[in-house]
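What follows is a short report on a single structure.
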Amino acid sequence: MANQAEGTAIRLAIQAKLQTITVAAGYRTDIGLNVVTEAKRWVPADGPRVTVFPGHKMRPQDAIGRPTEREFRHVIEVLIPADYDTAAAQVEAAEADIEDALRGYPLMPNATPSLFEESMVLERPDGVPAMALQMIRVLRYR
């Protein structure tokens with residue numbers, strides 16, 4: 001059987017780490033209770049959900065002499081039902097929890113930790129009664 005693709009292995013490692021995000025574990029939110037790696041139909045009644053999507057992979061320009069080095073961008077999306085009285089605050093808390101959980105966390109051997117690149121908060125994306133956070137993160141591996 002072939003080895004798992006690096007991108008899939010990275011997303012599964014991110015998923016496992018994000019699943020530790022619960023109030024009982026000292027975080028601000030319980031977003032770790034619903035973390036997936038594949039896009040699925042979502043309705044606000046499902047409660048908050050986190051999806052780890054692949055982004056893109058490239059050879060870094062500064063990887064001279066390291067032909068196997070790759071840069072992997074990935075997207076973490078958080079959906080919070082907009083009928084929550086504190087949806088905006090929950091999105092901000094979820095973003096802080098993700099930052100805290102992934103800070104310095106090695107996702108695989110020979111990889112840097114997942115680093116923040118940018119994030120955007122969307123209110124009612126595509127008319128869905130939700131607030132969404134889309135966070136782009138990047139890591140390097142060999």
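The values are calculated or read from the model by the stated rules, or taken from the named source; none is laboratory data. What you see is a predicted model; the values in this text were computed from it and never measured. Glycine also receives a Cβ, built like all others from the backbone with ideal geometry; neighbour counts cover every protein chain displayed.
Of the residues ALA88, ALA16, the single one that is at pLDDT 90 or above and of a type outside the set (Lys, Arg) is ALA16. Within segment 91-106, no residue that is part of a helix (DSSP H, G or I) sits with its Cβ atom under 6 Å from a residue that is modelled with pLDDT of 90 or more and loosely packed, with under 13 Cβ neighbours inside 10 Å at 6+ positions apart or across chains. Considering the conditions (1) surrounded by fewer than 12 Cβ atoms within 10 Å (Cβ to Cβ); (2) of a type outside the set (Val, Ile, Thr); (3) over 18 Å from the mean Cα position of the chain (by Cα); (4) closer than 20 Å to LEU122 by Cα, ALA39 is excluded by exactly one of them, (3).
The number of residues in segment 107-131 that are under 26 Å from PRO44 (Cβ atoms), part of a strand (DSSP E or B) and modelled with pLDDT under 90 comes to 4.
In segment 64-76 there is at least one residue that is surrounded by 13 or more Cβ atoms within 10 Å (Cβ to Cβ), closer than 21 Å to THR22 by Cα and either in contact with a strand residue (DSSP E or B) (Cβ under 6 Å, 6 or more places away or on another chain) or modelled with pLDDT under 85 (or both). Return yes or no: is ALA89 of a type in the set (A, V, I, L, M) and over 12 Å from the mean Cα position of the chain (by Cα)? Yes; evaluated as a whole, the condition is true for this residue. For the criterion of being touching a helix residue (DSSP H, G or I) at 6+ places or on another chain (Cβ under 8 Å), among the β-branched types (Val, Ile, Thr) and either under 19 Å from VAL121 (Cβ atoms) or not in a strand (DSSP E or B) (or both), THR29 passes. For segment 19-49, residues that are aromatic (Phe, Trp, Tyr), at pLDDT below 90 and within 15 Å of VAL91 (Cα to Cα) total 0.
Within segment 77-90, restricting attention to residues that are outside any strand (DSSP E or B) and not hydroxyl-bearing (Ser, Thr, Tyr), the residue that is surrounded by the fewest Cβ atoms within 10 Å (Cβ to Cβ) is ASP85.
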